[in-house]
Amino acid sequence: MDTINNVKNIFLSASVPLEERDPKFFKTADVIAIRDAVIALAATVLANKEYHLIWGGHPSITPLIMLVLERYGLKMSDRVTLYQSKEFEKFFLPENEDIGIRVITDKKESRDASLLLMRQKMIGDHKYEAAVFIGGMEGVLNEFSIFKELHPGIVCLPIASTGAAARMLFEKHPESFDRRLQTELSYTSLFKELLNI
């Protein structure tokens, strides 16, 4: 099932909402919190050699993770896996080629089908220790649903303080999640504790 051996995989689903795409996500999004949370998660995961970070190539998120990779001297690291779909090949950042492991999934008959294939492989081809959901729009909601279906019982952390889709996920079932996901802005401490890293 898993293509990466002897590591603990953490799944990240995140994006910065765009007002023109869907105002309902944009109006609660905290862009600074999204940025800080992504950087804190990447730094926390990459500081521990037992862990591996897997995410989809959203153009607002990948540069933040690359910043952490460069800071740790891990730009060509095999400690991260970036998933992308050929559907969006013309938008690929040239810097993405420096990521240690890249998985590019096939283009399908429609944008939605291409995204679904990528998400199913990204989530289904690995065993995970936990999943973290930050900011985001409909893609984050979709990935949460797929993750819960394929990995029942695995820890999911919707970081509600970042707003947008993550907040919606938290507010849908607040009794299921640690209240600190709604209020805590010290993300490094939060991830270290809740992910046991």
With n ≥ 4 as the cut-off for DSSP H runs, can you work out [θ] at 222 nm for the chain, using -39500 (n - 2.57) per run divided by the number of residues, rounded to the nearest 500? -11500 deg cm²/dmol
With bins of 5 Å, the percent of all Cα-Cα pairs of the chain per bin from 0 is 1, 8, 17, 21, 23, 18, 9, 3, 0
State, to one decimal in nm, how far the label point of residue 138 lies from the label point of residue 109, with both points 7 Å from Cα in the Cβ direction. 1.9 nm
What is the extension gain from residue 182 to residue 86, computed as 0.36 nm multiplied by their sequence separation minus the C-alpha to C-alpha distance, in nm to one decimal? 31.0 nm
Once phi for every residue in segment 178-186 is put through the Karplus expression 6.51 cos²θ - 1.76 cosθ + 1.60 (θ = phi - 60°), the whole-Hz ³J(HN,Hα) values, with Gly and Pro written as x, are 5, 4, 5, 5, 8, 10, 6, 10, 8
Per DSSP, loop GluC sites (Glu not before Pro) in segment 100-170 with at most 11 further Cβ within 10 Å: 109
Over segment 20-93, what is the mean sequence separation of C-alpha contacts under 8 Å (at least six apart), divided by residue count, expressed as relative contact order in percent? 32 percent
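Between residue 67 and residue 21, what length in nm is gained on full extension when 0.36 nm per residue of separation is reduced by their alpha carbon distance? Walk me through the numbers on the way to the answer.
Working: separation 46, 0.36 × 46 = 16.56 nm, distance 2.64 nm.
Contour length minus Cα-Cα distance gives 13.9 nm.
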Out of 85, 51, 32, whose Cα points farthest toward the positive end of the dipole of the chain (charges: +1 Lys, Arg; -1 Asp, Glu; placed on Cβ)? 51
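Work out the length of the dipole vector of the chain about its Cα centre, built from +1 on the beta-carbon of each Lys and Arg and -1 on the beta-carbon of each Asp and Glu, and round it to the nearest 20 debye.
Numbers: 24 positive and 27 negative charges, 22 e Å.
Computed charge dipole of the chain: roughly 100 debye.
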Under 10 Å, Cα contacts only: if you run a Gaussian network model on the chain, which one of 32, 159, 54 comes out with the highest mean-square fluctuation? 32
Over the Cα atoms of segment 95-197, each weighted equally, I'd like the Debye log10 I(q)/I(0) at q = 0.17, 0.18, 0.23 Å⁻¹, rounded to two decimals. -0.89, -0.97, -1.28
Mean Kyte-Doolittle of at least 1.0 plus a Cα span of 15 Å or more along the axis: flag which DSSP H helices in the chain meet both, please. 31-46
Quick one: if the Förster radius is 22 Å, what FRET efficiency do residue 125 and residue 192 give, using the C-beta to C-beta distance and rounding to 0.05? 0.25
Can you give me the Rg/Rh ratio for segment 22-104, using Cα atoms for both radii and the Kirkwood formula for Rh? 0.99
Alpha carbon centre of segment 41-102 versus segment 170-197: separation in Å? 23 Å
Is there a pair in 49/108; 107/148; 24/172 whose C-alpha atoms are over 27 Å apart, and which pairs would that be? 49/108
Cross-link pairs 8/121; 8/90; 8/192; 27/121 - those with Cα-Cα distance over 21 Å: 8/90; 27/121
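Read-outs: derived from the displayed coordinates by stated rules, not from any lab. Bear in mind the structure is a predicted one, so any value in this text is a computation, not a measurement. Methodologically, a virtual Cβ is constructed for each residue, glycine included, from the backbone with ideal geometry; neighbour enumeration extends over all protein chains shown.
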